[in-house]
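What follows is a single structure, written as structure tokens, with notes after it.
The values are calculated or read from the model by the stated rules, or taken from the named source; none is laboratory data. What you see is a predicted model; the values in this text were computed from it and never measured. Counting neighbours? That spans all protein chains shown, and the Cβs are built from the backbone with ideal geometry, glycine included.
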Amino acid sequence: MAWYKTFYDEHYLKEYASGFTPERAQREVGFVNRTLNLPEGARILDLCCGHGRHTVELAAAGYSMVGQDLSATFLDLAKDAAAARDLQIQFVRADMREIPFEAEFDAVINMFTAFGYFDDAENQKVLNAVARALKPGGKLLIDLLNTLRIIRDFLPQSWDELPDGTATLTKRDYNLLTGNIEEFRTYIAPDGSKREIHLVWRSYFYTELAKMLNRASLAPIQVFGGFDSSEFTWDSNRMIVLAEKQREA
């Protein structure tokens, strides 16, 4: 079974939850608001919405939101978060290559490196599906890790400790022929039990992603190095690209 079908579960949340603070969500949603510059009521798809940390905040800001994800666990959490704030949000369980909408959205957002899970041809299908889901002139905002910095600061191996005392050994490999990053993670709980997972995703340079966007009739407009709207450089942690669906001549 593909890694992404089982990775996003309660173990994922335990590992990353400490970083998913309300302040972080507000900061990132503030960037989305400034960058998309859409009127209240605009229709936005949060593609690979996870447990809804951006979807819910954008709905609270007055947008008409749809969240799509493959993880039933995460969608249940997102629905609970929306209900807790009395927000009407449509949630859809579907693969990112199969967006069940056409010319529906003013914008699509794809956050926290939720792209590159397949080979190049299948990743292109994701962007093609985004283009079909957007209205003419609609915008895509896609947030990825900066491959330039990954390669410059590449760590073949590292140890980390989770808040519950679980030790994590991560072994990494960057495939120069495919552009894939592989991670082999071993989790050792305080009681000595072990869990192992293998992740692999395609990490794109901006020039590669721009060509794929153009093939999907999504014209790149701007690229940022972070949620502070900083310039994209070698030192940037993120590569956040804004693109626009081209209107028919």
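Here is the figure for the stretch 32-77: residues that are farther than 28 Å from His11 by Cβ and of a type in the set (S, T, N, Q) total 4.
Inside the stretch 93-102, can you point out the residues that are surrounded by 12 or more Cβ atoms within 10 Å (Cβ to Cβ) and over 21 Å from Phe118 (Cα atoms)? Correct list: Phe101 only. With the requirement that a residue be exposed (fewer than 13 other Cβ atoms within 10 Å of the Cβ) and in contact (Cβ under 8 Å) with a residue 60 or more places away in the chain, what does the stretch 56-92 give you? None - no residue of the stretch 56-92 is exposed (fewer than 13 other Cβ atoms within 10 Å of the Cβ) and in contact (Cβ under 8 Å) with a residue 60 or more places away in the chain, so the list stays empty. Scan the stretch 205-216 and tell me whether some residue there is among the hydrophobic types (A, V, I, L, M, F, W, C), surrounded by fewer than 15 Cβ atoms within 10 Å (Cβ to Cβ) and either at pLDDT 95 or above or in contact with a Ser or Thr (Cβ under 6 Å, 6 or more places away or on another chain) (or both). Looking through the stretch 205-216, at least one residue is among the hydrophobic types (A, V, I, L, M, F, W, C), surrounded by fewer than 15 Cβ atoms within 10 Å (Cβ to Cβ) and either at pLDDT 95 or above or in contact with a Ser or Thr (Cβ under 6 Å, 6 or more places away or on another chain) (or both). For the stretch 229-244, the tally of residues that are in a strand (DSSP E or B), touching a Lys or Arg at 6+ places or on another chain (Cβ under 7 Å) and among the charged types (D, E, K, R) stands at 1.
Within the stretch 197-224, the set of residues being in contact with a Lys or Arg (Cβ under 7 Å, 6 or more places away or on another chain), over 23 Å from Phe112 (Cβ atoms) and in a strand (DSSP E or B) is empty.
Whenever a residue of the stretch 93-119 is touching a residue at least 24 places away in the same chain (Cβ under 8 Å) and more than 21 Å from Arg53 (Cβ to Cβ), its partners that are outside any loop (DSSP other than H, G, I, E, B) and of a type in the set (A, V, I, L, M), lying with C-beta atoms within less than 6 angstrom and at least six residues away or across chains, give the pairs Arg97/Val126; Arg97/Ala129; Phe101/Ala133; Glu104/Ala133.
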